[in-house]
Amino acid sequence: MDLSSFNACQLLDALESQQLSAEDCVRFFLKQIANQNATLNAFYTVVEESAMASAKSVDQRRKKGLPVGPLAGLPIAVKDGICTHNVRTTAGSPMLENYVPFYNATVVERLWEADAILIGKTSMDEFGMGSSTENPHFGGTLNPWDHQRVPGGSSGGSAAAIAAGMAPIALGSDTGGSIRQPAAFCGITGLKPTYGRVSRYGLIAYASSLEQIGPMAKTVEDTALLLSSCAGHDPRDSTSATEPSEDYRAGINRPIEGFRIGVCRDHLENGLSVEITSALKQAIDIFESAGAQIVDIELPNSSNAVAAYYVIAPCEASANLSRYDGVRYTERAPTDNLDQMYSKTRADFFGDEVQRRILLGTFALSSGYYDQYYLQASKVRRLIQQDFETAFNGVDLILGPTTPTTAFKINQCRQDPLSMYLADVYTVSANLAGLPALSLNCGFDPSGLPIGMQLQGPRFKESSLLRAGHLFQSQTDFHNRRPA
Ligand code: GLN
């Protein structure tokens, strides 16, 4: 059976009815990885043995009529910045090249309890810093739609794995767009949950006040399925929300009649290619015919979001990454002088982009500059939050682009970091404001590359985004198309 076109919900149906065994299911995806990973480089680590053993245990329990978890037998890929017990977790960095955690991230623990089956760890930009997964140390990942192009980043491996049929579903993390932008570039669906909705315990930290782990999948319904298993309070993450989580899949079919969808004309008409604008306009028509009301809104401070983000994120990174000093963690450069040991370890084992961000962040936090940079950026962050609060007084969700362009060429932005930063213009605001945001495929450009649409909602209103996204996918078939 060719399972590569099956989405996660379809696989679960086949597994539950025992038309498909967990062993056959896992074996299929491992074979897909064996066939394609040498070319695409979406996985850094594949865990055949433990995956097959877990699959066997699910099958045995099922045959005996014993209880199994809600995701029993479903293969899942996990971004390599999320800690997995006894499975190497590199965060895409030479610094952590040989790091094998002795604990699971809470999300991984929850998936394990749900009987999902980890098949491997996916490629990423180093510590999540980047938008292309052109990782110089571990090698770049290719976009399955066009091997000359990047899959986006930093969760590029998870997105490419799903698009290429190497995994039905995956986890990514999103600090400034790292779930949504690769989802857009690879033609899949990805959700950044509300800040605090999903535990960050065991996520290797880049910028703690901005990031969330979230689901990536072929469909919105699969995304809802995975979110339900991951979300919820975790006492081990002090920023985790106590707000009860939901069965996100259960309510997904409710009609969206009467939904008010906000559109910021400025985002729709300026700075986008014609194909993206026209795909989004068609999406708006679909929502209108489903009974939604389109309302014009303004987000006046959004033009400063990238600037604020690229101060705040490096500041937090400079603090978070100070733990990699060669003493307690990870790699150590051999020298006989303690001071040199610190600096040489950090110079040898951090890549260029990570060093750039640490230097920027350290500078922006230094005395005399703190007020000019970090404090100023924090004020802009507050204004952006207020813009959303005002907008959500009048609308249920906001529709717009995920990215200004479709997937760019390999090496196109690498020599010019600023051009890469600017491409995050539509995604970073949701992180600065802590809001949930969904990206889904809403069409293709003339060269056949997927176009992403973004839906943003008020805090903890994942269910509204998922309902609207599901409605869109029930009326279109973009999400069913796969690369040749
Ligand atoms: N591209 C952004 C950055 O480089 C976002 C990355 C992310 O979300 N991890 O910081």
Name the residue, out of SER439, SER429, that is within 15 Å of the ligand (Cβ to nearest atom), closer than 17 Å to PRO300 by Cα and outside any loop (DSSP other than H, G, I, E, B). SER429
Here is a list: ASP336, ASP296, ASP325. Which entry is of a type outside the set (Gly, Ala, Ser) and over 29 Å from the mean Cα position of the chain (by Cα)? ASP336
Is there any pair with a first residue in the stretch 431-443 that is at positive phi and a second that is among the hydrophobic types (A, V, I, L, M, F, W, C) and assigned to a helix (DSSP H, G or I) whose Cβ atoms are under 9 Å apart and which are 6 or more apart or on different chains, and what are they? GLY443/ILE276; GLY443/ALA279; GLY443/LEU280; GLY443/ALA283; GLY443/PHE478
Which pairs turn up if I take residues in the stretch 337-365 that are farther than 20 Å from GLY128 by Cβ and look for partners that are buried (at least 17 other Cβ atoms within 10 Å of the Cβ) and of a type in the set (Val, Ile, Thr) with beta carbon separation below 9 Å, at least 6 apart in sequence or on another chain? THR345/THR330
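Yes/no per residue for (1) surrounded by fewer than 19 Cβ atoms within 10 Å (Cβ to Cβ); (2) out of contact with any Asp or Glu (no Cβ under 7 Å at 6 or more places or on another chain); (3) among the aromatic types (Phe, Trp, Tyr); (4) more than 24 Å from MET95 (Cα to Cα):
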position	(1), (2), (3), (4)
GLU316	no, yes, no, no
LEU360	yes, yes, no, no
ARG382	yes, yes, no, yes
GLU389	yes, yes, no, yes
PRO401	no, yes, no, yes
Name the one entry in ALA205, ALA231, ALA250 that is surrounded by 21 or more Cβ atoms within 10 Å (Cβ to Cβ) and of a type in the set (A, V, I, L, M, F, W, C). ALA231
Filter result for VAL295 (surrounded by fewer than 20 Cβ atoms within 10 Å (Cβ to Cβ) and assigned to a strand (DSSP E or B)): yes
When you go through (1) loosely packed, with under 14 Cβ neighbours inside 10 Å; (2) of a type in the set (Gly, Ala, Ser); (3) within 21 Å of LYS461 (Cβ to Cβ) one by one for SER238, which number turns out not to apply? (3)
Within the stretch 145-166, residues within 16 Å of the ligand (Cβ to nearest atom) and farther than 18 Å from LYS192 by Cα come out as VAL150
Looking at ILE312, is it buried (at least 20 other Cβ atoms within 10 Å of the Cβ) and of a type in the set (Val, Ile, Thr)? yes
Listed by first then second residue, the pairs whose first member lies in the stretch 158-185 and is under 18 Å from LEU142 (Cα atoms), whose partner is near the ligand (Cβ under 9 Å from one of its atoms) and among the hydroxyl-bearing types (Ser, Thr, Tyr), with beta carbons under 6 Å and at least 6 positions apart or on separate chains, are GLY172/SER155; SER178/SER154; SER178/SER155; ILE179/SER155; ARG180/THR427; GLN181/SER131; GLN181/THR427; PRO182/SER155
The listed residue being aliphatic (A, V, I, L, M) and surrounded by fewer than 17 Cβ atoms within 10 Å (Cβ to Cβ), out of VAL100, VAL78: VAL100
In the stretch 101-144, the residues that are more than 20 Å from the chain's Cα centre (by Cα), over 19 Å from THR345 (Cα atoms) and either within 16 Å of the ligand (Cβ to nearest atom) or in a loop (DSSP other than H, G, I, E, B) (or both): PRO101, PHE102, TYR103, ALA114, ASP115
Take ILE286 and decide whether it is assigned to a helix (DSSP H, G or I) and in contact (Cβ under 8 Å) with a residue 12 or more places away in the chain. yes
Limited to the stretch 168-227, what total is found for residues that are within 13 Å of the chain's Cα centre (by Cα) and of a type in the set (Asp, Glu)? 2
Kindly check whether there is at least one residue in the stretch 461-476 that is at positive phi and not in a strand (DSSP E or B). no
Which residues, counting only those in the stretch 173-192, are assigned to a loop (DSSP other than H, G, I, E, B) and either touching a His at 6+ places or on another chain (Cβ under 8 Å) or away from the ligand (no atom under 13 Å from the Cβ) (or both)? GLY187, ILE188
Restricting the stretch 308-338 to residues that are part of a loop (DSSP other than H, G, I, E, B) and of a type in the set (Asp, Glu), the one farthest from the ligand (Cβ to nearest atom) turns out to be ASP336
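Read-outs throughout are calculated quantities, based only on the coordinates presented, and are distinct from any laboratory measurement. Source: prediction; values computed, not measured. Ideal geometry is used to build each Cβ from the backbone, glycine not excepted, and the neighbour counts take in all protein chains shown.
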